Amino acid sequence: MEYSRARGFLFCDFCGTMLSLKSTKYAECPLCKFKRSAKEISEREISYVVTAEDIRRELGISLIRDQEVQLSKVKKKCEKCDNEEAEYWTMQMRSADEGQTTFYRCTKCGHKFSEN
């Protein structure tokens with residue numbers, strides 16, 4: 001069996017449209033009325049992988065990297081060097097009915113710490 005036929009058993013050989021199962025005997029192309037025997041289709045599987053990047057691209061979502069965002073600064077004493085200023089950001093780490101976790105990064109030494 002040729003490669004395209006093995007992979008494209010659910011698609012019309014002539015126009016490439018997805019076939020519709022019209023009865024227990026055959027599948028038909030809704031555009032050009034090409035027919036394929038149901039025996040050729042039965043017990044075949046289609047599998048594919050959808051990545052997080054595929055979903056983001058489809059939904060038009062882009063990732064925001066730390067380097068691209070200017071973080072807000074707050075007076076917060078660093079646990080490591082005693083500097084009095086840190087950048088901060090928040091993330092929802094637990095269930096929605098619990099508070100966000102606040103992450104801090106010291107502006108002097110870069111030490112990261114958090115508060116729940």
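Pairs of lysines in the chain whose Cα atoms sit within less than 13 Å of one another amount to 12, provided the residues are eight or more positions apart or on different chains.
In this structure, I55 and C32 have a Cβ-Cβ separation that, at R0 = 30 Å, corresponds to a calculated FRET efficiency of about 0.40. Farthest towards the positive end of the charge dipole of the chain, among the residues V74, F11, L59, is the Cα of F11, using unit charges on the Cβ of Lys, Arg, Asp and Glu.
Rg/Rh for the chain: what does it come to with C-alpha atoms and Rh from Kirkwood? Don't jump to the answer; show the numbers that get you there.
Details: Rg = 27.7 Å, Rh = 19.8 Å.
Rg/Rh: 1.40.
Taking Cα centre as origin and charging only the Cβ of basic (Lys, Arg, +1) and acidic (Asp, Glu, -1) residues, the dipole magnitude of the range 53-116 rounds to 280 debye.
Find the accessible area per residue for the chain; the probe is 1.4 Å, ligands and nucleic acids are left out, and the unit is Å². Don't skip to the end; give the middle numbers.
On the way: 9470 Å² over 116 residues.
With the other protein chains kept in place, the chain gives 82 Å² per residue.
Using the Cβ atoms and a cut-off under 15 Å, what net charge is assigned to the surroundings of M93, where Lys and Arg are +1 and Asp and Glu are -1? Around M93, the charge tally is -1. Rolled with a 1.4 Å probe across the full set of protein chains, the surface gives S37 an accessible area near 50 Å². Dipole magnitude for the chain: computed about the Cα centre from +1 point charges on Lys and Arg Cβ and -1 point charges on Asp and Glu Cβ, it is near 420 debye.
Roll a 1.4 angstrom probe over the protein heavy atoms and tell me the percent of accessible area of the chain that is carbon or sulfur. In the chain, the share of accessible area belonging to carbon and sulfur is 50 percent.
So which trypsin sites (Lys or Arg not before Pro) in the range 13-53 end up in coil per DSSP with only 15 or fewer other C-beta atoms within 10 Å? Walk me through the numbers on the way to the answer.
Working: sites: K22, K25, K33, K35, R36, K39, R44; in loops: K22, K25, K33, R44.
Filter output for the range 13-53: K22, K25, K33, R44.
The values are calculated or read from the model by the stated rules, or taken from the named source; none is laboratory data. This one's a predicted model, so the numbers in the text were calculated from it and none came from an experiment. Neighbour counts run over all protein chains shown; Cβ positions are idealised from the backbone, glycine included. Ligands, DNA and RNA are excluded from the accessible area calculation, which covers all protein heavy atoms including side chains. Shrake-Rupley method; radii C 1.70, N 1.55, O 1.52, S 1.80 Å.
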